[in-house]
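Have a look at the structure below, then the notes.
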Amino acid sequence: MPRPRVSALIAAGGQGLRLGAPEPKQFLVLGAQTILEHSIERLLVHPGVDEVVVAVPADRVHGVAARCRERGWHRVTCVEGGARRQDSVAAAFAAAKTDAEVVVIHDAARPFVSASLIEATIEAAVTHGAVIAAVPVRDTVKQARGDRTAPSRPVAGTLPREDIFLAQTPQAFRREVLARALASGHGPDVTDEAMLVEAQGQAVFLVPGEATNVKITTQDDLEWARHHVARTGTMRVGTGYDLHRLVEGRPLILGGVHIPFDRGLDGHSDADIVCHAVTDAVLGAAAAGDIGRLFPDTDPQWTGADSVRLLEAAVVHLHQCGFHVSNVDVTVIAQRPKLLPYLEAMRGRLASALQVPIASVSIKGKTNEQVDSMGRGESMACHAVAMVVS
Ligand code: MG
């Protein structure tokens, strides 16, 4: 069977301020990006999804669209959502391609949906027309009766828990099934699209959901989500390289350590190639620019600057981008002097600037076998690799 064309809709129009935060929950940050961006990314990177349409509050359309463009997410369309959930879904549906065969609807507040669950709902929608991800209940289910606002209500009975499921998203539909349901959806608020389809008399099928596919609704959920992201965070790598000429009359400073030698590296700052390469590696891992852009040498405040300070500032910038350093590995190419006696001191200075344990910093010295400018003692160079995690 050929793969169906699939549109994914994300309902992010809600003002969901239940978390007590100043912003709707989908715009709160989780690691390196917002909860909404996590949800968009999960769908966008899925090979079965052709486009993602996001319905956001009117005052967010411009900002979210700009952010998606910035990230190269060209298959994302942003539209203005509505007051009710079904209005947002209808707005997104109206902006989606009309030739899709399956439409997947996902909550903005479920940022951990897996690729296999997205796949399973798409496949089942082709077969059944209307499916939702759902998880069985584990606890005994009691039905209450009486006044819904009373602090303590009597039990009316025990429901057979084998037949009770908790609905999640994705919910996926053949396009015509959803189109009919949305066209009829002028009734009361629904909490999911499947309710509209059920109201049409159309069978809706269950696909096994996932315990980790949580909806972030409460402060506890948000804390759990932040821990989950920290445990399972994205790892990224960056590389850095620097070379400076060796000249007389300059001190030799490598990794923030003054090394006695008859020459030193020439440059605008202290020409510390180790700090410069590590700074570029760290910034590169976060795609956060480079040392020249952050600390331009046309800016007098960096003249003669201690490059350890530049590295520290880059690490603060990295943290603002939602990442922290996991480890760095550095190779210094210098024909002379022998660097071995200084490597431990260099590791210590770098570790403290990077805010990592010393065991997370590796530095090796290499000669250049008398070849090229480095081998002839006319220059020194440094290569660095940094891993950062969100
Ligand atoms: Mg440099």
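The values are calculated or read from the model by the stated rules, or taken from the named source; none is laboratory data. Fair warning: this is a prediction, and the values are worked out from it, not measured in the lab. Positions of Cβ are backbone-derived with ideal geometry, glycine not excepted, and every protein chain shown enters the neighbour counts. Side chains included, ligands, DNA and RNA excluded: accessible areas come from the protein's heavy atoms. Shrake-Rupley method; radii C 1.70, N 1.55, O 1.52, S 1.80 Å.
Restricting segment 197-241 to residues that are within 16 Å of the ligand (Cβ to nearest atom) and open to solvent by 30 Å² or more (accessible area, probe 1.4 Å), the residue that is farthest from G284 (Cα to Cα) is Y241. If you go through segment 292-329 and pick out every residue that is in contact (Cβ under 8 Å) with a residue 24 or more places away in the chain, in a helix (DSSP H, G or I) and either under 30 Å from E248 (Cβ atoms) or open to solvent by 50 Å² or more (accessible area, probe 1.4 Å) (or both), you end up with 7. The sole residue among M346, M380 that is in contact with a helix residue (DSSP H, G or I) (Cβ under 9 Å, 6 or more places away or on another chain), at pLDDT 95 or above and outside any strand (DSSP E or B) is M346. Considering G304, G292, the condition of being assigned by TED's automatic domain parsing to the domain that holds V371 and on the phi > 0 side of the Ramachandran plot is satisfied by G304 alone. Can you pull out the residues in segment 112-153 that are surrounded by 14 or more Cβ atoms within 10 Å (Cβ to Cβ) and assigned to a helix (DSSP H, G or I)? A115, L117, I118, E119, A120, T121, I122, E123, A124, A125, V126, H128, listed by residue number. Selection of segment 251-291 for residues being open to solvent by 40 Å² or more (accessible area, probe 1.4 Å) and away from the ligand (no atom under 14 Å from the Cβ) yields P251, H258, P260, F261, D262, R263, A287. Among the residues of segment 231-262, the ones that are among the hydroxyl-bearing types (S, T, Y) and over 30 Å from G31 (Cα atoms) come to 0 in all.
Return a yes/no flag: does segment 212-226 have any residue that is without any contact (Cβ under 8 Å) to a residue 24 or more places away in the chain and more than 33 Å from the chain's Cα centre (by Cα). Looking for residues that are without any contact (Cβ under 8 Å) to a residue 24 or more places away in the chain and more than 33 Å from the chain's Cα centre (by Cα), one finds none in segment 212-226, hence no. List the pairs whose first member sits in segment 336-352 and is assigned by TED's automatic domain parsing to the domain that holds V308, whose second member is assigned to a loop (DSSP other than H, G, I, E, B) and among the hydrophobic types (A, V, I, L, M, F, W, C), and whose Cβ atoms are under 6 Å apart, counting only residues at least 6 apart or on separate chains? So the pair list comes out as P337/F261.
Considering each residue of segment 334-353 in turn, none proves to be surrounded by fewer than 16 Cβ atoms within 10 Å (Cβ to Cβ) and under 18 Å from Y241 (Cβ atoms). Has segment 313-321 got at least one residue that is within 16 Å of the ligand (Cβ to nearest atom) and either assigned by TED's automatic domain parsing to the domain that holds I35 or at pLDDT below 90 (or both)? No: segment 313-321 contains no residue that is within 16 Å of the ligand (Cβ to nearest atom) and either assigned by TED's automatic domain parsing to the domain that holds I35 or at pLDDT below 90 (or both).
May I ask you to verify whether R245 is open to solvent by 20 Å² or more (accessible area, probe 1.4 Å), within 16 Å of the ligand (Cβ to nearest atom) and among the charged types (D, E, K, R)?
yes
Return a yes/no flag: does segment 79-95 have any residue that is in a loop (DSSP other than H, G, I, E, B), surrounded by fewer than 12 Cβ atoms within 10 Å (Cβ to Cβ) and assigned by TED's automatic domain parsing to the domain that holds L28. Checked segment 79-95: at least one residue is in a loop (DSSP other than H, G, I, E, B), surrounded by fewer than 12 Cβ atoms within 10 Å (Cβ to Cβ) and assigned by TED's automatic domain parsing to the domain that holds L28.
Among the residues that make up segment 182-196, is at least one of them among the acidic types (D, E), crowded, with 16+ Cβ neighbours inside 10 Å and assigned to a helix (DSSP H, G or I)? Reasoning before the result, please.
To start, the set of residues in segment 182-196 that are among the acidic types (D, E) comprises 189, 192-193.
Next, only the ones that are crowded, with 16+ Cβ neighbours inside 10 Å stay: 192-193.
Now restrict to residues that are assigned to a helix (DSSP H, G or I): 193.
Yes; the residues of segment 182-196 include at least one that is among the acidic types (D, E), crowded, with 16+ Cβ neighbours inside 10 Å and assigned to a helix (DSSP H, G or I).
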